[in-house]
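A.B. asks: This is the structure, below, for whatever I ask next.
We did not get these values from a lab; they are worked out from the coordinates using the rules stated. This is a predicted model, so every value here is computed, not measured. Glycine also receives a Cβ, built like all others from the backbone with ideal geometry; neighbour counts cover every protein chain displayed.
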Amino acid sequence: MAKIIEMPKLGFDMAEGTLMNWVKAEGDKVEKGETLAEIETDKATVQVESSESGVVFKHLAAPNATLPVGAPIAVISAPGETVDLDALLGGSTTAEEKEKTEEKAPASPVSEPPVGQTVEPETPAAPGPESGASVKASPLAKALARDRGVNLAAIAGSGPGGRVVKRDVEAALETAKSPAAVSSSAFAPGQDRALPLSKLRAAIGRRMQESKRSIPAFYLTRSIDVRDLVKMRRQMNESREKDAKISLNDFLVRAAALALRQYPNLNASLDGNNILQHGDINIGVAVALEQGLLTVVLRNADRKSVEQIAAESGRLVRAAREGKLRNEDIAGSTFTISNLGMYDIEEFIAIVNPPETAILAVGSALEVPVAVNGSLQVGWRMKATLSADHRVTDGAEAAQFLQALALFLEQPWRLLVA
């Protein structure tokens, strides 16, 4: 029996999404759980899995169409099934809507790529700021160019048929960073340039404004002795390949998850007059992208080893930067860690990410002079600042959480046996 696939709700505050690309063409077989399409939300471009098995009978939305959550985007049927679209959609497919859909649909079917070759779908790009000519470009390339203010008309495409693909835009951005490119840039000193907000940047603004307006947050900072942790990490990474090395942030995720077991109010949300303590500990980790910060989610972090956290974190960061995230990769965090230590930031305060109760802001692990038994020595210290919602927790409980976190990091063997 034919089933309607709707624009999914990929986050509690998502109202609409843009269908960037169909991964499955009309007539393709699809299994439940297979990637059906790529949808851009205000947070990221997400690979959406099919909720049904069968054959893609009909696309109800064209690439680059922006639709509200719940709008029908496709029909999946059994092989060979005859489908009455008007009856299935409740008569909503009027002649006018059908005409609009046909106008948006590609003029000709996309040819199958050679075996082993991945081809980004072709879509006409908006005219560049310096040229009125239409440019063939993939949706990902078009979105990246729009967010970074790149003129697509000035880029030579390396994709099939000369279309501009994501790697071409990235190469142009790298070239623009060189001294020669800077000196010849049209954006000279003394000139203003207006750049449109990306969906991600606009979403960050809305969420953070909501947080600052509605959450009575307080802040606690603790300096943590990480000498043994730095030593353990170095020893664990000695025999590991570069791509498999464990970061200090992986230890932090594990330590925070174990501390949250002891203080569930920090792993909670405010639900009306109730405090909802979450049964799962899903740690959100902020990833820096060109468009802004995106939070990816390490699920059940308290039940995973440091090695498992490192492997999953690496996969999520790569997927975020390649635009290959799934909905579960970015939704459902219950506590967030924002680590700016790699940028040589010693200490900062992060804004609580609603509906969560708290966020941990972590700075660099530094060699600093410390007093030990009346003498001055060189030690390793790292500062961590907890921002927390005073409606759910208080200073004493938050301080105890930081004590538990510090214990795991200062005696890192506990992270391997807990």
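A.B. asks: What residues qualify as long-range amide H neighbours of I345, i.e. H under 5 Å apart, gap of 5 or more or another chain, H built at 1.01 Å from N?
C.D. replies: S364
A.B. asks: Could you grab the relative contact order for the stretch 216-417? Cα pairs under 8 Å, six or more apart, rounded to a whole percent.
C.D. replies: Averaging sequence separation for qualifying contacts and normalising by length gives 31 percent for the stretch 216-417.
A.B. asks: Hey, another quick one. With the cut-off at 19 Å, report for the stretch 237-331 the share of all Cα pairs above it, as a whole percent.
C.D. replies: 46
A.B. asks: If the chain between E81 and N237 were fully stretched, how many nm would it gain, using 0.36 nm times the residue separation less the Cα-Cα distance?
C.D. replies: 50.6 nm
A.B. asks: Hey, rough spin-label estimate for R391 and A154, points 7 angstrom out along Cα→Cβ, what's it come to in nanometres?
C.D. replies: Result: 4.8 nm between the two label points.
A.B. asks: Here is a further query. Which net charge results for the neighbourhood of L229, defined as the other residues with beta-carbon distances under 13 angstrom from its beta-carbon, given Lys and Arg at +1 and Asp and Glu at -1?
C.D. replies: +3
A.B. asks: Now, a different point. To the nearest µm²/s, what D does Stokes-Einstein give for the stretch 203-265 at 10 °C and 1.306 mPa s, using the Kirkwood radius over alpha carbon pairs as Rh?
C.D. replies: 105
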